[in-house]
Amino acid sequence: MKLKQAIELDRKDSLKNYKSHFLNSKKEIYLNGNSLGKLPIKSIKKIRKTIDYEWGDRLVRSWNEKWLDLSDNLEKKLAKILGAKKREVKIGDSTSINLYQIVFSLLKSNLYKKSLISDSFNFPSDNYIIEGISSNFNIKNPTIINYSQDISAEINLIEKAIKKSPGILCLSLVSYKSGWMYPLKKLNDYAKKNNSIIVWDLSHAVGATHIDLKKTNTLAAVGCSYKFLNGGPGAPGFLFVDNSIQSKLENPIKGWFGHKLPFKFFDKYEAANNINKFDIGTPGVLSMVGMEAGLDIITKATTKSIRKKSISQSEYFISLINQELDSYNVKIESPRDPLNRGSHVTISHAESWKICRTLAKGSKKFPKIICDYRPDKYIRFGISPLYTSFQDLYHAINALIEILKTESYKKIKKGENRVT
Ligand SMILES: Cc1ncc(COP(=O)(O)O)c(C=O)c1O
């Protein structure tokens, strides 16, 4: 393993200058942008201006002067990133709420049979939500597809489940554990042929992969903006509903912001006749303001270039794991084919949690490496092509070699793990 090679790869990297758009620490290597993305420097100024001037000085007048147009402006930007039309994307509320809105409205619409399907690769919250909704529609329980292993989904099992109970599916485009990425168009087309729809959770894909919702015939999706979109902690989630089905869907949560004329304060609810019907209540202005700079950076860098770099970095990282960690009982738990992989690489080891903690502490031999642990044996390394360098990946492998060789992870005492 040669540092020279990583330096050379960084030198040739066409996106290398984008790191300077983010706040970086010289003391640590951050490989957790798949959980919470870094802070774009422009967001600091934007949020400060919102606090000092718009909130501090203009107060309520800022709604008319700026805040009421915020979501529209962000939605246009995000729609471009997703390959959607501008009135097909709604930003606001959390991913969990957005998923609730879409799945509930699809069930109520009678566009599809009342069947709910998900899989064991989906984010647990998504499965909790669809399970919760199923009781409202007398659906016994969602079908949860289980696979024979944790790395890649078996497409034939998904197709079988659709054939058996056509209806509504919910899948995460990139799985939070292994980073497995589904063939988006292939499954959308299969679902359509079988009178079904897939609601895609794009949380782990958006901002680090190239997504074209139109070209892949996607009809509905949700996602987070605090991961690879770098929107900030608790930044609003988003939903996408294709124009072809929008008019047939009704928001199950009827709040005043989804009204056709919210500021007329009519007694009777009348839904907006566009994507704004999925609004609910007053938007979180500070969180929305924090999203804009991240979207602008991605638009400038382009998702095609970001995806290209992500693949070359994950290939590099996996090759180093194979080359250097083979004798330490480390297993790669991500798909080997980059076309079936998102932008994080997962490994497993019997002492994963302790290793993860040791990486985060750093030592005289290596800098702090921030990545995350997922029960019961996984460590995820997030590759954020806008700010991850090949040298970062090299140093992470170096640190792993050191920790595994010396077994320094044994010094970590058992404790509660709350986030990473
Ligand atoms: C894939 C995925 N879906 C949904 C969620 C839930 O998002 P939220 O907590 O913003 O509702 C997360 C959170 O990390 C996630 O990773």
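The values are calculated or read from the model by the stated rules, or taken from the named source; none is laboratory data. Values in this document were obtained by computation on a predicted structure and should not be read as measured data. These area figures cover heavy atoms from the full protein model, side chains too; ligands, DNA and RNA do not enter into them. Shrake-Rupley method; radii C 1.70, N 1.55, O 1.52, S 1.80 Å.
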Could you give the accessible area per residue of region 44-300, probe 1.4 Å, as a whole number in Å²?
45
Scan around residue 143 for amide H atoms under 5 Å from its own, H built in the peptide plane at 1.01 Å from N, and keep only partners 5 or more places away or cross-chain.
116, 117, 118
Computed over all unlike Cα pairs, the Kirkwood hydrodynamic radius of the chain in Å stands at 22.5
Along each of its three principal axes, how wide is the spread of alpha-carbon positions in region 131-232, in whole angstrom units, largest first?
38, 30, 28
Computed on Cα atoms only, the convex hull of region 280-346 has an orientation-averaged projected area in nm² of 7.3
Given 25 °C and 0.890 mPa s, how large is the Stokes-Einstein diffusion coefficient of region 250-384 in µm²/s, with Rh as the Kirkwood radius over Cα pairs?
129
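Keeping every protein chain in place, order 61, 341, 374 by accessible area at 1.4 Å, biggest value first, i.e. largest first. Could the numbers behind the result be given before it?
Numbers: 61 115, 341 0, 374 45 Å².
Listed by decreasing accessible area, they come as 61, 374, 341.
Averaging the inverse of every distinct alpha carbon separation and then flipping it gives the Kirkwood radius. What is it for region 1-103, in angstrom units?
Values: mean 1/r = 0.0568 Å⁻¹.
Hydrodynamic radius (Kirkwood, Cα only) of region 1-103 equals 17.6 Å.
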What's the long-distance tail for region 45-88, i.e. % of Cα pairs beyond 11 Å?
67
So what is Rg over Rh here for region 70-220, counting just Cα atoms and using Kirkwood for Rh?
0.94
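In Å, what Kirkwood hydrodynamic radius results for region 260-316 from the alpha-carbon pair distances?
Numbers: mean 1/r = 0.0660 Å⁻¹.
Its Kirkwood hydrodynamic radius stands at 15.2 Å.
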Taking placed amide H atoms and a strict 5 Å upper bound, the residues 5 or more places from residue 271 or on another chain that come that close are 260
Read phi for every residue in region 335-348 and hand back ³J(HN,Hα) as whole Hz from Karplus 6.51 cos²θ - 1.76 cosθ + 1.60, θ = phi - 60°, with x for Gly and Pro.
x, 7, 7, x, 5, 9, 10, x, 10, 10, 10, 10, 10, 10
Hey, can you grab everything whose amide H is under 5 Å from the amide H of residue 372? Only 5+ residues off in sequence or another chain; H modelled, so Pro and N-termini drop out.
380, 382
